[in-house]
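Input: a single structure, listed below in structure tokens.
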Amino acid sequence: MGEAIDLEIVLAQAVTVSKPKPATLIGAGLIEELHDFVEINSVELVIINASLTPIQQRNLERALDTKVIDRTGLILEIFGARAATKEGTLQVELAALTYQRSRLVRSWTHLERQRGGLGFIGGPGESQLEIDRRLINERIDRLKRDLGKVRTTRELQRSARKRVPYPIVSLVGYTNAGKSSLFNRLTGAGVFVKDMLFATLDPSMKLLQLPGGKKVILSDTVGFVSDLPHELVDAFRATLEEVLQADVLVHVSDISSEFHQEELADVEAVISDLWELEEDSTLAESEKVPPIVSVWNKSDLLSGDEREELKDRSDRQDNTSLVSAVAGEGIDDLIEQVEKILSSRDQVLSVDLPYSDGRSLSWFYDHGTVLERNDNTDTDTIEITVQLDPIAHQRAIILAEKESLRLY
């Protein structure tokens, strides 16, 4: 993860901890080795890919004589550097303050913000004695209120979208799976793409017209990661709410990764956590969880034999596509899968319109797929048969009542 926030990695080491030490997590022998390495190489930061207690973090900093942060601290630092909208900034700060609150007195001495992100990695800063816990708590309460307003705004935005009903297709997946590359491939958008973790934090959305004529809103979301702390899932819930509102989820995974199966399981676990956080738990599971299209991305990184084998497997599995967002391989198949799912929910109706009602005729063309049209010059009417998604179907009924149109 270090590269994701412009840190120079001088040593990456996997260690086995058979019995975690309550005071330091890792054993004294390893601490001594790390101390010597830190001293010789003037290392400014040690990252422990695990959750540290405040006591463990403080003791490690003293023993290694350098700054130490754990997995959650690093994720928050990356999120802090990536947040681009006011909403994203609020979410990051709430998660950071909640995490930081228990560490103010006992371990933290480097809270100065001399660089991007949240300042966890910054140089020596103000003393903990200058941090007022009461002010921290007040700020947390204020952030929660602000995020509540954000959620209210999102509800209004969703209501507005229902007045111009386009289905939402959300790209989800493990961080660095290639979601933003796929988003760009599908929409031609210039979303930030880089081979790093958490390159996308704030969701990007764009209107996309599918080959069959149906229009959808495509959403690119923040990448998931294994062992994401529960408090981070809660704090970033507003960012991920588009996932909960999606009509179709496109689960993008890196098929070339040696940890492909583990990453798939991690994403499924986070999605499950999101639905558990839904306030309306009375809905049946089938009503809450949208259909999922599995996308095995980065096929261009596979050998020819591997591609052929996986292509055969994907063809035999429902709603599964082998693609390369970079090369464009399999994109047509993916779009076909999405269109098939969306069309399966559609309803067909016929309507008679007078020649003079060009506005209603235009509405049906804009919000559905006209399957058949008959112009009757004797009665000066147009009869169309149109395929509509469920929301547009309801609006068509309202429109017909308002304009006295005959539906059948």
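No value in this document is a laboratory result; all are computed from the given coordinates. The structure presented is a predicted model; accordingly, all values stated were derived computationally and were not measured. Quick reminder, even Gly has a Cβ in these numbers, built from the backbone with ideal geometry, and neighbours come from all protein chains shown.
Return the sequence-ordered ³J(HN,Hα) values of the stretch 310-317 in whole Hz as given by the Karplus equation 6.51 cos²θ - 1.76 cosθ + 1.60 applied to θ = phi - 60°, using x for Gly and Pro.
6, 5, 5, 5, 5, 5, 8, 10
Amide H neighbours of Gln387 under 5 Å, at least 5 residues apart or on other chains, H built in the peptide plane: list them.
Here Thr369, Val370, Leu371 satisfy the definition.
To the nearest 0.05, how large is the calculated FRET efficiency for Val348 and Leu244 if R₀ is 30 Å and r is the Cβ-Cβ distance?
With R0 = 30 Å, the Cβ-Cβ based efficiency is 0.55.
Relative to the present Cα-Cα distance, how much length would full extension add between Thr152 and Ala50 at 0.36 nm per residue of separation?
Going from the current span to full extension adds 33.2 nm.
Need one number: nm distance between label points at Arg316 and Phe37, each 7 Å from Cα along Cα→Cβ, rounded to one decimal.
4.5 nm
By counting other Cβ atoms within 10 Å of each Cβ, how are Arg373, Arg145 ranked from fewest to most?
Arg145, Arg373
Picking from Ser404, Ala392, Gly358, whose Cα lies most toward the positive end of the charge dipole for the stretch 347-407 (charges on Cβ: Lys, Arg +1; Asp, Glu -1)?
The residue sitting most towards the positive pole is Ala392.
I need Asp378, Asp357 ordered by Cβ neighbour count within 10 Å, fewest first.
Lowest to highest Cβ neighbour count: Asp378, Asp357.
Can you give me the distance in nm between label points at Glu401 and Val10, each placed 7 Å from the Cα along the Cα-to-Cβ direction?
Each label point lies 7 Å from its Cα, and together they span 7.2 nm.
Arranged by the count of other C-beta atoms within 10 angstrom, fewest first, what order do Thr187, Thr377, Thr221 take?
Least to most surrounded, the residues fall as Thr377, Thr187, Thr221.
Can you order the peptides 37-43, 346-352 by their average number of other Cβ atoms within 10 Å per residue, highest first?
346-352, 37-43
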